[in-house]
Structure formats: structure tokens, C-alpha cells
Amino acid sequence: MKYNPLIHHRRSIRLKGYDYSKAGAYFITICCENRIHRFGKVSGNEMILNKSGTIAYNEWINLADRFSNFELDVFQIMPNHMHGIIVLSDISSPVGATLAVAPTIADIVGAYKSIVSNACLNLYKSHDKTMGKLWQRNYYEHIIRDERAYQNISNYIINNPSKWNEDKFHL
């Protein structure tokens with residue numbers, strides 16, 4: 001069926017008018033397509049990463065090298081999703097330089113999803129296997145507005161493996 005904007009419209013889950021390149025803390029959840037367990041397993045309240053999980057873990061850490069305004073914070077790779085807090089700082093430009101355009105949360109998440117997908121695809125190909133689509137479309141984000149919210153979200157992320165059996169992403 002040909003694209004018809006009157007029928008085929010996607011409702012944005014982003015906060016209308018909000019600048020997602022703005023300095024602050026953001027809680028991110030990215031899920032695997034069809035919630036397939038791609039990154040390992042939870043055993044004894046601990047996440048055990050497989051090779052794809054190690055790729056997802058390492059590439060999250062590498063985001064701090066890719067984006068000058070990205071600060072690494074609490075994150076957790078789970079069997080079929082990942083949670084992380086992205087802290088964006090203001091980008092400062094040298095005196096007289098053109099002001100740099102700050103990457104948005106969507107830029108950072110999009111780069112992460114692409115890099116992990118490509119690395120995992122190469123891993124699958126090296127074993128003569130077909131991967132299929134790694135990530136589901138889009139991602140979940142929540143703007144962290146105060147210290148209490150930050151503490152609650154951090155604790156949720158840290159304790160996610162120990163609460164895996166109760167997790168809404170656990171099938």
C-alpha cells in the first residue's frame with residue numbers, strides 16, 4: 001500500500017516542543033525486536049552477557065568518546081533490552097568559533113542502535129547465521145527532573161537483573 005499521510009501517521013512519544021539536546025539527565029530504554037533475548041541471560045540475580053551483550057555494553061561506554069556532550073552514567077544491558085541514563089552537558093565552543101550543534105538524545109540513541117546492530121550483524125555473519133532486525137522501532141525516554149527521580153531510576157536500573165522475573169520486558 002502506498003504511503004498516505006492521512007492514514008499512515010505515527011504519533012510521536014516525545015514531549016512536544018522540548019529541546020532534546022538540552023543539558024540534563026534522560027532515562028532511556030531500548031528494546032530488542034519482538035523482545036527476543038539477544039544479549040545473554042539473568043542467572044542468580046546477575047546479568048550474564050553473551051557476545052552480542054558484550055557488544056551492546058562496550059558500545060554504550062564508547063558513546064562518551066563519540067559525543068562530546070555525553071556523560072556516562074548508570075546503565076544495564078538486559079537479555080532483551082537496555083536501560084541507561086544519558087547525561088547531556090552543554091557544548092562549549094572556543095572563543096570566535098562557530099557554535100557547535102549539540103547532538104540530541106535521538107542522535108545518540110540512533111547512533112548506538114546502528115553501531116550495535118552492525119557489530120552484531122557481523123558477529124552473526126561470521127557464524128553463518130541470520131540475525132533479523134535487532135532493535136524495535138523507536139525507544140522510550142523520560143526526562144529526569146530532580147534528584148529524587150534520578151535516585152529512583154538509578155536504583156531501578158541497578159536492581160533490574162535481581163527483579164528480572166517481575167520485569168515487564170521478561171517474557
Q. Among the residues of segment 126-167 satisfying the criterion of being more than 30 Å from LYS22 (Cα to Cα) and assigned to a loop (DSSP other than H, G, I, E, B), which is nearest to the chain's Cα centre (by Cα)?
A. LYS133
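Conditions tested, residue by residue: (1) at pLDDT below 95; (2) among the polar types (S, T, N, Q).
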position	(1), (2)
ILE7	yes, no
LYS16	yes, no
LYS22	yes, no
ILE48	no, no
GLY53	no, no
ASN62	no, yes
PHE67	yes, no
SER93	yes, yes
Q | Search result, residues across segment 63-92 that are surrounded by 15 or more Cβ atoms within 10 Å (Cβ to Cβ) and either in a loop (DSSP other than H, G, I, E, B) or of a type in the set (S, T, N, Q) (or both) | A | PHE67, ASN69, GLN76, MET78, PRO79, ASN80, ILE91
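Name the single residue that is farthest from CYS120 (Cα to Cα) among those in segment 34-61 being free of Cβ contacts under 8 Å to residues at least 40 places away in the same chain and part of a helix (DSSP H, G or I). Walk me through how you get there before you give the answer.
In the first step, residues of segment 34-61 are kept if they are free of Cβ contacts under 8 Å to residues at least 40 places away in the same chain; the result is 40-41, 43-44, 48-50, 53-54, 57-58, 61.
In the following step, the residues that additionally are part of a helix (DSSP H, G or I) were identified as 53-54, 57-58, 61.
On the way: GLY53: 9, THR54: 10, TYR57: 12, ASN58: 12, ILE61: 16 Å.
Result: ILE61.
Which count do you get for residues in segment 101-151 that are of a type outside the set (S, T, N, Q), within 19 Å of ILE55 (Cβ to Cβ) and touching a strand residue (DSSP E or B) at 6+ places or on another chain (Cβ under 7 Å)? Before the answer, list the steps.
First pass over segment 101-151, keeping only residues of a type outside the set (S, T, N, Q): 101-103, 105-113, 115-116, 119-121, 123-125, 127-129, 131-135, 137, 139-150.
Subset that is within 19 Å of ILE55 (Cβ to Cβ): 108-113, 115-116, 119-121, 123-125, 127-129, 131-135, 139.
Going one step further and asking which of them are touching a strand residue (DSSP E or B) at 6+ places or on another chain (Cβ under 7 Å), we end up with 108-109, 113, 134-135, 139.
So the answer is 6.
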Q | SER154 touching a strand residue (DSSP E or B) at 6+ places or on another chain (Cβ under 8 Å) and within 18 Å of LEU49 (Cα to Cα) | A | no
Q | Filter result (buried (at least 19 other Cβ atoms within 10 Å of the Cβ) and among the hydroxyl-bearing types (Ser, Thr, Tyr)) within segment 25-47 | A | TYR26
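The values are calculated or read from the model by the stated rules, or taken from the named source; none is laboratory data. Predicted model, so just to flag it, every value in this text is computed and none were measured. Using ideal geometry, Cβ is built from the backbone for each residue, glycine included, and neighbour counts are taken over all protein chains shown.
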